[in-house]
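Encoded as structure tokens, the structure appears first; notes follow it.
The values are calculated or read from the model by the stated rules, or taken from the named source; none is laboratory data. Model, not experiment: these values are computed from the prediction. Cβ placement follows ideal geometry from the backbone for every residue including glycine, while neighbour counts extend to all protein chains displayed. Quick note on the areas: whole protein, heavy atoms, side chains included, nothing else; ligands and nucleic acids left out. Shrake-Rupley method; radii C 1.70, N 1.55, O 1.52, S 1.80 Å.
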Amino acid sequence: MKAAVLHNFHEPLRVDAVDLMEPQAGEVRVKLAASGVCHSDLHVVKGDLPMPTPLILGHEGAGVVDKIGPGVTTVQEGDHVVLSWVPYCGKCFFCEKQQYSACDNSNPAETADMSEKLYGYPMTGAFGYSHLTGGYAGGQAEYVRVPYSDVGPIVIPEGVEDEKVLFLSDILPTGWMAADNCEIDTPRDGAIGGEIDNPKRNAPRMSVAAHEAQLLQPEEHLVHRLR
Ligand SMILES: [Zn+2]
Ligand SMILES: [Zn+2]
């Protein structure tokens with residue numbers, strides 16, 4: 001398949017022909033129709049996560065299940081799905097509390113321990129986010145292998161466009177959680193700061209959080225720009 005590959009930090013990605021392992025037990029292969037580019041990808045490109053290359057980045061993806069591995073029961077070939085940017089097992093202590101982004105099993109213990117040294121807490125697995133988060137090849141490619149596919153992918157109805165569900169992978173729930181965690185009970189309860197107008201920074205995530213804050217408290221909102 002073709003994939004955008006990071007070979008060296010601080011250098012542009014290169015589109016290469018690469019091999020992708022067949023889906024193993026509990027996994028599916030998804031043919032991607034839409035894939036996102038997140039500001040977080042820049043952390044990897046800039047070498048903030050000191051892990052070996054080459055890497056296929058990308059943790060937002062939607063497409064069609066192309067092949068299923070042994071034991072997969074909840075999705076079928078041909079299902080239209082949107083992926084969670086964090087693969088999660090669905091069975092561990094945290095997954096049972098629906099705290100999927102803290103899954104104990106999706107990042108091998110060795111790299112989870114390394115991530116704890118860097119961040120202060122162990123990170124879960126994540127697509128396209130270096131070996132520090134499990135070394136999963138990401139979605140900026142024609143295909144992606146999806147572990148724990150009985151619990152992660154969300155099957156979407158036919159007729160819904162990939163671009164419309166793609167942001168369920170990361171940016172929309174990330175922004176929603178930011179707004180929701182603020183517990184906005186009154187119109188003047190919260191503030192979202194950042195360079196909303198700067199596309200090179202966190203502008204999309206900020207904008208999504210701002211819109212979702214308005215959804216949570218629609219009666220009144222104030223936009224202040226500090227310039
Ligand atoms: Zn992201
Ligand atoms: Zn888990």
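General observations
- Tally, over segment 17-47, of residues that are within 14 Å of ligand 1 (Cβ to nearest atom) and more than 18 Å from Val86 (Cβ to Cβ): 2
- The C-beta contact set for segment 46-64 (first residue in a loop (DSSP other than H, G, I, E, B), second residue polar (S, T, N, Q) and surrounded by 22 or more Cβ atoms within 10 Å (Cβ to Cβ), distance under 6 angstrom, 6+ apart or interchain) comprises Leu49/Ser130; Met51/Ser130; Leu57/Gln140; Gly58/Ser35; Gly58/Gln140; Glu60/Ser169.
- Any hit, segment 23-30, residues being open to solvent by 70 Å² or more (accessible area, probe 1.4 Å), within 20 Å of the chain's Cα centre (by Cα) and either within 16 Å of ligand 2 (Cβ to nearest atom) or modelled with pLDDT of 95 or more (or both): no
- Yes/no for Val65 being away from ligand 2 (no atom under 16 Å from the Cβ) and either at positive phi or assigned by TED's automatic domain parsing to the domain that holds Tyr148 (or both): yes
A quick yes/no check of all residues on (1) without any contact (Cβ under 8 Å) to a residue 40 or more places away in the chain; (2) touching a Leu at 6+ places or on another chain (Cβ under 8 Å); (3) within 16 Å of ligand 2 (Cβ to nearest atom):
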{"position": "Phe93", "(1), (2), (3)": "yes, no, yes"}
{"position": "Gln99", "(1), (2), (3)": "yes, no, yes"}
{"position": "Ala112", "(1), (2), (3)": "yes, no, yes"}
{"position": "Ser115", "(1), (2), (3)": "yes, yes, yes"}
{"position": "Met123", "(1), (2), (3)": "yes, yes, yes"}
{"position": "Phe127", "(1), (2), (3)": "no, yes, yes"}
{"position": "Ala137", "(1), (2), (3)": "no, yes, no"}
{"position": "Tyr143", "(1), (2), (3)": "no, yes, no"}
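- Within segment 107-124, the only residue that satisfies the criterion of being within 16 Å of ligand 1 (Cβ to nearest atom) and either at pLDDT 95 or above or open to solvent by 40 Å² or more (accessible area, probe 1.4 Å) (or both) is Tyr119.
- Residue ID - farthest from ligand 1 (Cβ to nearest atom), chosen from residues in segment 50-80 that are touching a Phe, Trp or Tyr at 6+ places or on another chain (Cβ under 7 Å) and open to solvent by less than 20 Å² (accessible area, probe 1.4 Å): Gly58
- Some residue of segment 152-162 being in a loop (DSSP other than H, G, I, E, B), within 16 Å of ligand 2 (Cβ to nearest atom) and closer than 21 Å to Val72 by Cα: yes
- Unique residue being more than 16 Å from ligand 2 (Cβ to nearest atom), open to solvent by 80 Å² or more (accessible area, probe 1.4 Å), assigned by TED's automatic domain parsing to the domain that holds Gly135 and assigned to a loop (DSSP other than H, G, I, E, B) when the list is Asp19, Asp104: Asp19
- Number of the exception - Leu6 against (1) under 23 Å from Leu168 (Cα atoms); (2) touching a strand residue (DSSP E or B) at 6+ places or on another chain (Cβ under 8 Å): (1)
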